[in-house]
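Accompanying notes for the structure given below.
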Amino acid sequence: MVNLNYRDSKPIYEQIRDGIINLIATGALSPGDRLPSVRELASQLAINPNTIQRAYRELELGGFIYSVTGKGSFVAESDAAVKRTEALLGQFDKTANELFRLGVTVEALIERLSKKGGNDT
């Protein structure tokens with residue numbers, strides 16, 4: 001379901017949260033789909049259930065999932081791709097502003113983005 005990178009500086013709960021958001025955004029998880037219970041997912045990933053609980057809490061606060069007492073957590077009816085795009089663009093804006101403060105020019109950023117061409121490599 002979600003892949004973890006223990007060498008990543010990003011906290012595990014954020015990796016779980018972002019992984020589930022990506023599954024929703026790509027359609028791998030659809031509105032109404034039941035997520036694994038906190039204990040199930042903690043067991044699958046061999047991590048502390050509190051970490052899963054924190055990720056689920058953030059997903060619920062973000063409107064990506066909702067909980068039904070005694071039934072579990074479910075994917076909410078929402079446009080997850082739009083929310084994820086907005087979140088990533090917000091991160092991009094913060095990073096770009098920091099780069100500008102460090103003296104990087106708009107042209108240098110445009111050149112770098114042009115070279116990327118949408119690839120992660």
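The values are calculated or read from the model by the stated rules, or taken from the named source; none is laboratory data. Model, not experiment: these values are computed from the prediction. Cβ sites come from the backbone with ideal geometry, for glycine too, and all protein chains shown count toward neighbours.
Some notes on this structure:
- Close contacts from the range 25-52, counting a first residue that is within 19 Å of V68 (Cα to Cα) and a second that is assigned to a loop (DSSP other than H, G, I, E, B) and of a type outside the set (G, A, S), with Cβ to Cβ under 6 Å and a gap of 6+ residues or different chains, come to P31/E77.
- Some residue of the range 39-60 being modelled with pLDDT of 90 or more and assigned to a strand (DSSP E or B): no
- F74 vs. criteria in contact with a strand residue (DSSP E or B) (Cβ under 9 Å, 6 or more places away or on another chain) and modelled with pLDDT of 90 or more: yes
- Selection within the range 61-84 - assigned to a helix (DSSP H, G or I) and in contact (Cβ under 8 Å) with a residue 40 or more places away in the chain: A80, A81, K83, R84
- Identity of the residue in the range 1-38, outside any loop (DSSP other than H, G, I, E, B) and among the charged types (D, E, K, R), that ends up nearest to K83 (Cα to Cα): D18
- Residue match in the range 88-99 (condition: part of a helix (DSSP H, G or I), without any contact (Cβ under 8 Å) to a residue 24 or more places away in the chain and touching a helix residue (DSSP H, G or I) at 6+ places or on another chain (Cβ under 9 Å)): yes
- Tally of residues being loosely packed, with under 14 Cβ neighbours inside 10 Å and small (G, A, S) across the range 16-59: 6
- Residue check for A108: among the small types (G, A, S), at pLDDT below 80 and part of a helix (DSSP H, G or I): no
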